[in-house]
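*Asks:* Just passing along the structure, written as structure tokens.
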Amino acid sequence: MDYFAIEEKALKIIEKYTGAHYPPTTLPTFEFDAEKCTHCKACAQACPTSCIQWDEEKKMPYATGYKGMELACISCNTCEAVCPANCIRVRGEYRVVYGRYKTPDDKQGEMTPPMPFGDKDLNRDFKDIEKDLTETEKVIYRRRSIRLFKDKPVPKELIHRIIEAARFAPSAGNNQPWKFVVVTNRDLIDKVDKQCAKVLDAIKWMYAGSGTWRKVAVSLTSYLQVNNMDQRPIPAIQKVHQSGGSITWGAPVLIHILKDVRGISNPDLDTGFAAHNLVLAAHSLGLGTCYIGFIASAIKYLPWLKKEIGIEYPYDLVTSVCVGYPKGKLDNPVYRGQVPVEWIE
Ligand SMILES: Cc1cc2nc3c(=O)[nH]c(=O)nc-3n(C[C@H](O)[C@H](O)[C@H](O)COP(=O)(O)O)c2cc1C
């Protein structure tokens, strides 16, 4: 009998079915240069998870946790990217050490800036390599999820232009299993925001309250709804709550990206390609975007609302993207974790 194989199998099972509720994590640390800070508060406003807060008395940002999370950070480094004075530096990375949502083992070492030419200079300025990059690469590295928008409508021609970029995405068998619902009607965007926020609040209540029964409930739900019960969205839901229920960050345009469920092979994947063509085209045109997965997570419990925005068979919602003009120049490169790459030559 191969005892090692049995042990490996047992470990895999234990890892898969435990550690769903507040798994152990490594956390980043934040350095703030209070002297350089311009007090614009963009870091706190743009933080998607309520981790970065603004201390009115000390006139500086601080990083904090939420409920069972010591630090409510997902290592997106948005705070660093939006700071106009470069006074925030994030070191280390949020990683799940154990359990169902564990991050890959090979993802070790420091987060690094974009290094397309293989240099290992962690402190070199992105501008030093930017001149050697193609326009496409520049957009890929600079694009950030934008969560601060101007109160300014986006011309219809530009919306048409980014959807046209989506239309030319690749798809299995050239099946093009997608549909786009563009909403610029403020009342409807607000209605979707408000209704989805209510559902999300219920999920947050279940996950983040105290009591053993919640721990058991989350573990069970996580078993039934694989990939859907991680702790990371919880402080993000709290941020939605704090900001008066805006899931879509006050953006003037909300594009729902639908898949045709009859699509061949993997319509979710095809639709994702189309969505990201749209997103990259938007940023290349000076617009800002943010994927809003929270709507797809919540709206499945609100069939009447789905119907109201035209999500009906044979289509279903994959994700939504909010679009608008960014407040400030917010697209900036950030550091990211190492990626496991295996070369077979
Ligand atoms: C499928 C998907 C769903 C997402 N949902 C949300 C969301 O509901 N709200 C939000 O603020 N950001 C959302 N994001 C943005 C991620 O938080 C963001 O992409 C990630 O932190 C990396 O940051 P970056 O986009 O600036 O590189 C989503 C991203 C993806 C790809």
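Just so it is clear, none of the values below were taken in a lab; they were calculated from the coordinates. In this text, all values refer to a predicted model and were calculated from it rather than measured experimentally. With ideal geometry, Cβ positions are generated from the backbone for all residues, glycine too; neighbour counts draw on all protein chains shown.
*Asks:* Please report Rg (one decimal) and Dmax (integer) in Å for the Cα set of the range 206-255.
*Replies:* 14.0, 42
*Asks:* Measure up LYS102/LYS204; LYS59/LYS102; LYS41/LYS306; LYS239/LYS307; LYS127/LYS194; LYS138/LYS191 against 32 Å on the Cα-Cα distance and list the ones that go over.
*Replies:* LYS59/LYS102; LYS41/LYS306; LYS127/LYS194; LYS138/LYS191
*Asks:* What ranking of VAL334, VAL226, VAL90 emerges when the number of other C-beta atoms within 10 Å of each C-beta is taken as an exposure proxy, fewest first?
*Replies:* VAL226, VAL334, VAL90
*Asks:* Take every Cα-Cα distance within the range 156-324, group them into 10 Å bins from 0 onward, and report for each bin the whole-number percent of pairs it holds.
*Replies:* The percentages, shortest bin first, are 10, 35, 35, 17, 3, 0.
*Asks:* Another question, if that's okay. Mind running the shape call on the range 60-135? Use the C-alpha gyration tensor, a ≥ b ≥ c as the square roots of the eigenvalues: rounded below 1.5 for a/c, prolate if a/b tops b/c, oblate otherwise.
*Replies:* It comes out oblate by the Cα gyration axes.
*Asks:* Let me ask you something else. Please arrange PHE294, PHE180 by how many other C-beta atoms lie within 10 Å of their C-beta, fewest to most. Intermediate results must be reported in sequence, preceding the final value.
*Replies:* Details: PHE294 22, PHE180 18.
Ascending Cβ contact count within 10 Å gives the list PHE180, PHE294.
*Asks:* Show me the trypsin sites (Lys or Arg not before Pro) within the range 129-158 that DSSP assigns to loop and that have at most 12 other Cβ atoms within 10 Å of their Cβ.
*Replies:* When the trypsin sites (Lys or Arg not before Pro) of the range 129-158 are filtered for loop state and at most 12 Cβ neighbours within 10 Å, LYS131 remain.
*Asks:* Here's a follow-up. Taking other Cβ within 10 Å of each residue's Cβ, how do LEU188, LEU158, LEU200 sort, fewest first?
*Replies:* LEU188, LEU158, LEU200
*Asks:* Calculate for the chain the 222 nm mean residue ellipticity that helices alone would give, adding -39,500 (n - 2.57) per DSSP H run of length 4 or more and normalising by residue count, nearest 500 deg cm²/dmol.
*Replies:* That calculation yields -11000 deg cm²/dmol at 222 nm.
*Asks:* Determine, for each peptide in 266-273, 302-309, 20-27, 34-41, the mean count of other beta carbons within 10 angstrom over its residues, then list the peptides with the highest first. Each step should come with its number before you reach the end.
*Replies:* Numbers: 266-273: 18.8, 302-309: 14.2, 20-27: 17.1, 34-41: 12.2.
Going by the mean number of other Cβ atoms within 10 Å, highest first, we get 266-273, 20-27, 302-309, 34-41.
*Asks:* Could you work out the pair-distance distribution P(r) of the chain from its alpha-carbon pairs, with 10 angstrom bin width and percents rounded to whole numbers?
*Replies:* Bins of 10 Å from zero give 5, 21, 32, 29, 12, 2, 0 percent of pairs.
*Asks:* How many times 2.2 N^0.38 Å is the alpha carbon radius of gyration of the range 14-67? Mind showing how you got there, number by number?
*Replies:* On the way: Rg = 15.4 Å, N = 54, 2.2 N^0.38 = 10.0 Å.
My calculation over the Cα atoms of the range 14-67 gives 1.53.
*Asks:* Related question: At 4 °C and 1.567 mPa s, what whole-number value in µm²/s does Stokes-Einstein give for the translational diffusion of the range 110-153, with Rh from the Kirkwood sum over Cα pairs?
*Replies:* Answer from the Stokes-Einstein relation: 104 µm²/s.
*Asks:* Beyond 13 Å, what share of the Cα-Cα pairs of the range 150-196 remains, rounded to the nearest whole percent?
*Replies:* For the range 150-196, the share of Cα pairs beyond 13 Å comes to 69 percent.
*Asks:* Debye sum, Cα scatterers, the range 1-159, no solvent: what log₁₀ I/I(0) at q = 0.16, 0.18 1/Å?
*Replies:* Cα-only, vacuum Debye calculation for the range 1-159: -1.09, -1.22.
*Asks:* For the range 297-345, what is the Kirkwood estimate of the hydrodynamic radius, computed as the reciprocal of the mean inverse distance between distinct Cα atoms, to one decimal in Å?
*Replies:* Computed over the range 297-345, the radius equals 15.7 Å.
*Asks:* What dipole magnitude, in Debye to the nearest 20, does the range 1-154 give about its Cα centre under +1 on Lys/Arg Cβ and -1 on Asp/Glu Cβ?
*Replies:* Roughly 620 debye for the range 1-154.
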